[in-house]
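Below: the structure, in structure tokens.
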Amino acid sequence: MTSSLKAKYHILAILTVAVWGTTFISTKILINNGLSPQEIFLLRFIIAYIGIWFISPRKIFSDSIKDELTMFAAGLTGGTLYFLTENTALKFTQTTNVAFIICATPLLTTGLSLLTDRNNKVSHNWLLGSIAALIGVAILIFNGSVILKLSPIGDFLTLAAALSWAFYSLIINKLSKKYRSIFITRKIFFYGTLGILPTFIIHPFSFPLEGFLRPEVFINLLFLSLLASLVCFVVWNMVLMHLGTIMSSNYLYLNPLFTTLAAFVVLNETLTIYAFIGVLLVMLGVFLSTRYK
């Protein structure tokens, strides 16, 4: 891969994480309007699944039953399990706990990559960068007030979400060698939607239809569905294929950075000196860790 082409995927990785960093605000707006987390996920993936058919190849099934089961695993880990465990964790533990623990995803992804592929190597730069990025993330999230209360159930669920995304990254890396990113993403939306349906047996869909007429509801739903899901999942799967799981996952450290900036712009939240320090450390950490080879 030429350096200019590789640079393009680095930029795409940053842009994707930038969009994902703002999804918390859209999700919060939808929850405040009466939608439950599982309702948001279901609608988000259904709309994205319908939309992707306009650009996806008409191929229905994978080349083998084994590959189809692998697609199912991708939809389950990167869709259903990730969002379900992360959102459920918020009921049992603090938001700061969830935000911080979920940033262990790059470390877990790297660990799994090293275990499953001996050709993968990491350097001192990667280690130093990861430490700097984690410290920066902690400063951004806790904002100078370190209140980390342990909650075994919530913290375990958050760790399960991070581990789920780590497995998803490895699965996509395997699938991308045989299938186009758009086809893989369409399968993820389908199986992710299928996986969330059993939760509605316990908590039936209750959001009123007239609620969708509110601009803040349908605008944020479209943002989460078409941009944050359809476009970003396709792009991220391409990034994983071209940059590899380790390098791509390190960009996830930028997530809290973009969340902080979005909260400043959209919600008029104050940027403190801790936020500036955190931003600088995260940027330094990502720069070092993405130069791991």
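Tell me, please, whether a residue that is under 21 Å from Thr27 (Cβ atoms), modelled with pLDDT under 90 and loosely packed, with under 15 Cβ neighbours inside 10 Å can be found in the stretch 193-214. Checked the stretch 193-214: at least one residue is under 21 Å from Thr27 (Cβ atoms), modelled with pLDDT under 90 and loosely packed, with under 15 Cβ neighbours inside 10 Å. Of all the numbered requirements in (1) over 20 Å from the mean Cα position of the chain (by Cα); (2) modelled with pLDDT of 80 or more; (3) not polar (S, T, N, Q), Phe45 misses one, and that requirement is (1).
Here are some conditions: (1) of a type outside the set (Lys, Arg); (2) touching a Phe, Trp or Tyr at 6+ places or on another chain (Cβ under 8 Å); (3) surrounded by fewer than 21 Cβ atoms within 10 Å (Cβ to Cβ); (4) in a helix (DSSP H, G or I). Gly75 meets all but one. Which one does it not meet? Only one criterion is unmet by Gly75, namely (3).
Which residues, taken from the stretch 21-36, are surrounded by 20 or more Cβ atoms within 10 Å (Cβ to Cβ) and in contact with a helix residue (DSSP H, G or I) (Cβ under 7 Å, 6 or more places away or on another chain)? Gly21, Thr22, Thr23, Ser26, Thr27, Leu30 - these are the residues of the stretch 21-36 that are surrounded by 20 or more Cβ atoms within 10 Å (Cβ to Cβ) and in contact with a helix residue (DSSP H, G or I) (Cβ under 7 Å, 6 or more places away or on another chain).
Residues in the stretch 115-132 that are hydrophobic (A, V, I, L, M, F, W, C) and modelled with pLDDT of 75 or more: Leu115, Leu128, Ile131, Ala132. Under the condition of being hydrophobic (A, V, I, L, M, F, W, C) and over 14 Å from the mean Cα position of the chain (by Cα), which residue from the stretch 171-188 is surrounded by the fewest Cβ atoms within 10 Å (Cβ to Cβ)? Only one residue fits best here, namely Ile182. Checking the stretch 139-154 against the condition returns no match, with no residue being modelled with pLDDT of 80 or more, of a type outside the set (Val, Ile, Thr) and crowded, with 18+ Cβ neighbours inside 10 Å.
Residues checked against (1) over 18 Å from Pro106 (Cα atoms); (2) assigned to a helix (DSSP H, G or I); (3) among the hydrophobic types (A, V, I, L, M, F, W, C):
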residue: Gly211; (1), (2), (3): yes, yes, no
residue: Leu226; (1), (2), (3): yes, yes, yes
residue: Val234; (1), (2), (3): yes, yes, yes
residue: Leu254; (1), (2), (3): no, yes, yes
residue: Phe264; (1), (2), (3): yes, yes, yes
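The values are calculated or read from the model by the stated rules, or taken from the named source; none is laboratory data. For clarity, every value in this text was computed on a predicted model and none was experimentally measured. Glycine also receives a Cβ, built like all others from the backbone with ideal geometry; neighbour counts cover every protein chain displayed.
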